[in-house]
Each structure stands twice: as C-alpha cells, then as structure tokens.
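The values are calculated or read from the model by the stated rules, or taken from the named source; none is laboratory data. The structure presented is a predicted model; accordingly, all values stated were derived computationally and were not measured. Counting neighbours? That spans all protein chains shown, and the Cβs are built from the backbone with ideal geometry, glycine included. When the accessible area is computed, the model is the full protein with side chains, heavy atoms only, and any ligands, DNA or RNA have been set aside. Shrake-Rupley method; radii C 1.70, N 1.55, O 1.52, S 1.80 Å.
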Amino acid sequence: MTPLGRLIATRIAAEGPISLADYMADCLMHPVHGYYATRDPFGSQGDFTTAPEISQMFGELLGLCLAQAWMDQVRPLPFRLVELGPGRGTLMADMLRALGSVPGLHGQIEVALVEASPKLRAVQKERLQGHKVQWLDRLDDLADGPLFLVANEFFDALPIRQFVRADAGWSERMVGLKDGLLTLGLGPATPYGSLAARLADTRPGDLVELCPALAPISEEIARRIATNGGAALVIDYGGWHSLGDTLQALKDHRPTDPFAAPGEADLTAHVDFEALSLAFTRPGARPSRMVSQGLFLERLGIGARAERLAAQLQGAALDSHLAAYRRLTDTSEMGELFKVIACHPAGAPPPPGLDPI
Ligand code: SAH
C-alpha cells in the first residue's frame, strides 16, 4: 500500500468507513501525499493530457470567446480573467496571448487563479511571468466585480459521493477495510432529501452520484455574473443528468483501480451538466445550452485557425498539428465526450459558440 493508503486505512480502522468524497479529497489534495499536491501530472510524461496541453488553439479560441462576451457587454475594465484549476498555466498563457491582440485590452487584464496545489502554483508562476497574477484558494476570496471565468477539467476533480438506490431510500457507497485492504461497501439505506427527486427516474439498484462542491462554486459564479456582469465557460467530460458509476482512476495514461494506489493515480468523475445548468439559473444570470466540445470549437472557427497554422508547418510538426486538431474535435476523440456550458448575464447573449436557453 502507498503511504497515503496506510494513513487512510489507519483512519478507517479507528473511526469507521469514510465517504467516497472524503477518500477522493485525500487522494487528490492531501497536503503531503495528495496527487495534485505532490506532482505535475500533465503531458506525455505524466498520467493524462488535457485540451490546452494538446494544442495552443484551444486557449486562443477560449480567450477570444470571452473577449467577444466582454465586447457584448459594457466592456468593463480592468478585464478580470479568472481560471479555476489552471494546471500548468498553459490555457491561461494561450488565452492571454490571444487577448493581447484585442483592441482596448492591452495592459488592462488582471488574472486570478484558483489553485489548491502549491506545486502547480509554482509551475503556473513560471509560465505566466510578466503578467499580473493573483492566486486564490477559493473563488469566494476574489474581490467583487465583473467576472470572465474559465474552468477546463476542474469540476471533474471535485470529490463525489455515490448512492445506490434501495426501495424508497439510498445506501451510500463507503470506503472501508476488508482483510487490511481498502474496499467499497454500502452504508444503511436512508431517505437523503437531496436525492428525493431522483426516485422518479431511477430503479432499485441504480447508482447516482452527487458532487457536494459543485453547487456552491457554480452558484457563486452565477451570483457574481448576475450582479456585476461577465461570462463563464465550463468545459469538462460528462453529460446531462448523472446516472451510473463514473469514478475513474488514471495512471500513466491508463485506467487503474481507484483503490490500488491512493495518492498516485488521478481520480475523476463525470460532471453533471444539468447540475451546472441549475446552479447557473438565478435572477440576473442564465445558463447556455450544453454543447459538445467539437461543435463549440468548430463554431469558434478552429477549422480556419488550424489551416492557418498548418500553412506554416511541414513534416512531423504538420502531422502532429493535424492530429491535435482531430483529437480536440473528432467525435471519436474529445469532441463528443467533452461538453461546454456557459453562464451569462440575463441581459447579454451567451458567449459565441453557445446557444441561449
Ligand atoms: N485546467 C487545467 C488542469 C486540469 S487538472 C488543464 O486543462 O490542463 C485539475 C486542476 O484543478 C489542477 O490544477 C488541480 O490542482 C486543480 N484543483 C483540483 N481541485 C481543486 C480545488 N478544490 N480547488 C482548487 N484547485 C483544484
């Protein structure tokens, strides 16, 4: 067992089984042994690759998308650009490069990064040298004002709880110990008010997931956009309405058992876009419709951008550029699995590429 696995086992032996959310939180963010707290997991050397690490086009198009949302409003200055979970800082660096060419924005951009990992904060600092950047532990710590926000593969890293439908109630899946090894078990059946609505569309034995941190964060985004303007883009894998077990562990780009090596594999779960849409619906703020990443990027003009970049490349560089374009947009790659949703003020259109409700 890993050092973190031993710590978790000791805790369970003393206090009893823990929720999957507590387990995920320890695995990802334990200050000494947590996955994000201790490493830079991205790229071919790491455990997974994200869209901004695949191609600069992703960040450029997202930056210009938010710039258009800014132009559709009263062009509030400074332009407050916020990213949740910025990883290596690549998406922010690409957005800032593209935004540098937007008239009226030069020298007017203030960046705030919400990042829990000290290790990744250091990588971001290096990457974003020369820019005005502030780091925050939580979005709540940000001063009020118009908010232009992006979150790519942030919500999938937030801990989830899982519940199995009993007859009229739900049994939570808990992490316990069996023969000294971490193992999943079921808690007692309980009514759980927050799952009452799911009794209508599930049957005994079905599994549903809840992400307790999703609503507070996304409601705070909507509150700020409703009060002060701005726009938010959330990109992640998942779909509409959670049903089924989507907990996934990745190590060295391969799926692995989520309980085999706590702290050494990335743990994620699909994001429930219905829950995001609900949280973005409030007086003064609206969600957009959910759209696939492939369609969103095509609507923003990734085809034309890819052609322009291709004209400057040859040989292996051209091949890998074209492969990156396919990877981001093709329905058999990230194009369909990943989805996009926006939050926008009720009085302004959604950012380009997204349809209003
Ligand atoms: N957006 C980046 C990285 C995605 S990985 C990209 O697309 O490449 C998830 C990121 O969210 C990491 O930077 C991780 O450290 C951060 N993170 C995860 N949980 C967090 C939390 N609760 N608060 C702040 N940051 C968090």
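If a residue has to be in contact with a Gly (Cβ under 7 Å, 6 or more places away or on another chain) and outside any helix (DSSP H, G or I) to count, how many in the stretch 292-323 make the cut?
Number satisfying all stated conditions: 2.
Go through the residues of the stretch 49-63 one by one and say whether even a single one is more than 11 Å from the ligand (Cβ to nearest atom), assigned to a loop (DSSP other than H, G, I, E, B) and more than 17 Å from the chain's Cα centre (by Cα).
Looking through the stretch 49-63, at least one residue is more than 11 Å from the ligand (Cβ to nearest atom), assigned to a loop (DSSP other than H, G, I, E, B) and more than 17 Å from the chain's Cα centre (by Cα).
So in the stretch 207-224, with the set limited to residues that are away from the ligand (no atom under 16 Å from the Cβ) and over 18 Å from residue 238 (Cα atoms), which one is surrounded by the fewest Cβ atoms within 10 Å (Cβ to Cβ)?
223
Of everything in the stretch 261-278, what is more than 15 Å from the chain's Cα centre (by Cα) and assigned to a helix (DSSP H, G or I)? Give them in sequence order.
Scanning the stretch 261-278 gives a single hit, 278.
Within the stretch 48-77, track down each residue that is without any contact (Cβ under 8 Å) to a residue 60 or more places away in the chain, touching a helix residue (DSSP H, G or I) at 6+ places or on another chain (Cβ under 7 Å) and within 22 Å of residue 349 (Cα to Cα).
Listed by number, the residues that qualify are 59, 63, 67.
Could you list all residues from the stretch 152-179 that are part of a strand (DSSP E or B) and either within 16 Å of the ligand (Cβ to nearest atom) or open to solvent by less than 40 Å² (accessible area, probe 1.4 Å) (or both)?
152, 161, 162, 163, 164, 165, 170, 171, 172, 175, 176
Counting only residues that are in contact with a Phe, Trp or Tyr (Cβ under 8 Å, 6 or more places away or on another chain) and away from the ligand (no atom under 15 Å from the Cβ), which one in the stretch 68-81 is nearest to residue 352 (Cα to Cα)?
Here the answer is 69.
Please go through the stretch 242-260 and give me each residue that is open to solvent by less than 80 Å² (accessible area, probe 1.4 Å) and in a loop (DSSP other than H, G, I, E, B), ordered by number.
Residues satisfying the conditions are 242, 244, 246, 247, 258, 259, 260.
Sort through 149, 182 and tell me the only one that's assigned to a strand (DSSP E or B), touching a helix residue (DSSP H, G or I) at 6+ places or on another chain (Cβ under 7 Å), at pLDDT 95 or above and under 20 Å from residue 29 (Cβ atoms).
182
Matching residues to (1) more than 30 Å from residue 226 (Cβ to Cβ); (2) under 16 Å from the mean Cα position of the chain (by Cα); (3) not charged (D, E, K, R):
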residue: 256; (1), (2), (3): yes, no, yes
residue: 287; (1), (2), (3): no, no, yes
residue: 291; (1), (2), (3): no, yes, yes
residue: 296; (1), (2), (3): no, no, yes
residue: 301; (1), (2), (3): no, no, yes
residue: 310; (1), (2), (3): yes, no, yes
residue: 331; (1), (2), (3): yes, no, yes
residue: 338; (1), (2), (3): no, yes, yes
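Considering only residues that are open to solvent by less than 10 Å² (accessible area, probe 1.4 Å) and within 9 Å of the ligand (Cβ to nearest atom), which ones fall in the stretch 116-135?
Residues satisfying the conditions are 117, 120, 124.
So residue 141 clears everything in (1) within 19 Å of residue 220 (Cβ to Cβ); (2) surrounded by 16 or more Cβ atoms within 10 Å (Cβ to Cβ) except one condition, right? Which one?
Going through the list (1) within 19 Å of residue 220 (Cβ to Cβ); (2) surrounded by 16 or more Cβ atoms within 10 Å (Cβ to Cβ), residue 141 breaks only (2).
Under 6 Å between Cβ atoms, which residue pairs at least 6 apart in sequence (or on different chains) link something in the stretch 88-106 that is in a loop (DSSP other than H, G, I, E, B) with a partner that is open to solvent by 10 Å² or more (accessible area, probe 1.4 Å) and more than 11 Å from the ligand (Cβ to nearest atom)?
Once the first residue is in a loop (DSSP other than H, G, I, E, B) and sits in the stretch 88-106, its partners that are open to solvent by 10 Å² or more (accessible area, probe 1.4 Å) and more than 11 Å from the ligand (Cβ to nearest atom) give 89/127.
Residues of the stretch 82-108 being closer than 28 Å to residue 158 by Cα and either among the hydroxyl-bearing types (Ser, Thr, Tyr) or away from the ligand (no atom under 14 Å from the Cβ) (or both), which ones?
Answer for the stretch 82-108, where residues must be closer than 28 Å to residue 158 by Cα and either among the hydroxyl-bearing types (Ser, Thr, Tyr) or away from the ligand (no atom under 14 Å from the Cβ) (or both): 90, 96.
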